[in-house]
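Asker: One structure, pasted below without further comment.
Read-outs: derived from the displayed coordinates by stated rules, not from any lab. On a predicted model such as this, the values are computed, not experimentally measured, just so you know. Cβ placement follows ideal geometry from the backbone for every residue including glycine, while neighbour counts extend to all protein chains displayed.
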Amino acid sequence: MCIRERFQPRVLFFFFFFLMIRRPPRSTLSSSSAASDVYKRQLFHQYEVVGRHVPTERDPNPKAYRIKLFSKNETNARSRFWYFIRRVVKMKKAHGEILSVREIFEKHPDKVSNYGIWIRYDSRSNTTN
């Protein structure tokens with residue numbers, strides 16, 4: 001009798017037992033309205049952030065830039081604005097200001113829309129945007 005044959009049933013039993021004692025998934029809250037809960041449970045919201053360079057004597061009326069992005073909250077949307085604007089325009093947070101941040105709500109939530117996606121991945125040598 002081989003050693004592998006002796007220990008194989010125990011490993012399968014442990015794996016099956018682990019699957020049996022696993023906690024079931026959480027159920028949705030039943031005490032509040034379904035329409036408001038669907039929106040609250042969404043992980044990401046769409047924001048429109050408008051920012052520009054700080055006005056100076058050389059450029060008293062700088063160009064404003066608007067970026068629409070998906071984020072978990074308004075604070076994170078501001079942070080992502082500065083991250084993406086540095087890659088598009090030569091502007092940093094220290095020399096810029098945010099004019100407005102507003103959340104964008106869907107007019108027709110049951111209609112499918114197309115969006116562009118900014119892909120970022122880690123390769124063996126570096127991070128690629």
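Asker: Quick one: 3J(HN,Hα) in Hz for region 80-87, Karplus 6.51/-1.76/1.60 with θ = phi - 60°, rounded, Gly and Pro as x.
Answerer: Karplus-based 3J(HN,Hα) across region 80-87 equals 5, 4, 5, 4, 7, 5, 5, 7 Hz.
Asker: Going by amide H atoms built from the backbone, whose H comes under 5 Å of the H on residue 72, apart from near neighbours?
Answerer: 45
Asker: Apply the Karplus parameterisation 6.51 cos²θ - 1.76 cosθ + 1.60, with θ equal to phi minus 60°, to every residue of region 112-117 and state each ³J(HN,Hα) to the nearest whole Hz, in sequence, with x for glycine and proline.
Answerer: 7, 10, 9, 9, x, 10
Asker: Related question: Just check region 88-129 against the gyration tensor rule for me: Cα atoms, a ≥ b ≥ c as the square roots of the eigenvalues, rounded for a/c under 1.5, and otherwise prolate or oblate depending on whether a/b exceeds b/c.
Answerer: Since a/c reaches 1.5 but b/c is at least a/b, the shape of region 88-129 is classed as oblate.
Asker: Taking H placed 1.01 Å from N in the peptide plane, check which residues at least 5 places from residue 96 or on another chain put their amide H under 5 Å from its amide H.
Answerer: For residue 96, the qualifying residues are 54.
Asker: I would also like to ask the following. Applying the Karplus parametrisation 6.51 cos²θ - 1.76 cosθ + 1.60 with θ = phi - 60° to the phi angles of region 120-127, what ³J(HN,Hα) value in whole Hz is obtained for each residue in order, glycine and proline being reported as x?
Answerer: So the Karplus estimates, Gly and Pro as x, are 10, 9, 9, 9, 5, 9, 6, 8 Hz.
Asker: With a cut-off of 8 Å between alpha carbons and a minimum separation of six or more residues, what is the relative contact order of region 48-129 in percent?
Answerer: 32
Asker: Which of the peptides 105-113, 57-65, 69-77 is most tightly packed, and how do the rest follow, going by the mean number of other Cβ atoms within 10 Å of each residue?
Answerer: The peptides rank, most packed first, as 69-77, 57-65, 105-113.
Asker: Further, regarding this structure: Packing-wise, with mean Cβ within 10 Å as the measure, how do 115-121, 88-94 rank, highest first?
Answerer: 88-94, 115-121
Asker: To continue, here is another question. Taking every pair of alpha-carbon atoms in region 46-129, give the share separated by more than 17 Å as a whole percent.
Answerer: Within region 46-129, distances greater than 17 Å cover 57 percent of Cα pairs.
Asker: What nm value, rounded to one decimal, do you get for the distance between residue 48 and residue 105 when each label is placed 7 Å out toward the C-beta?
Answerer: 1.5
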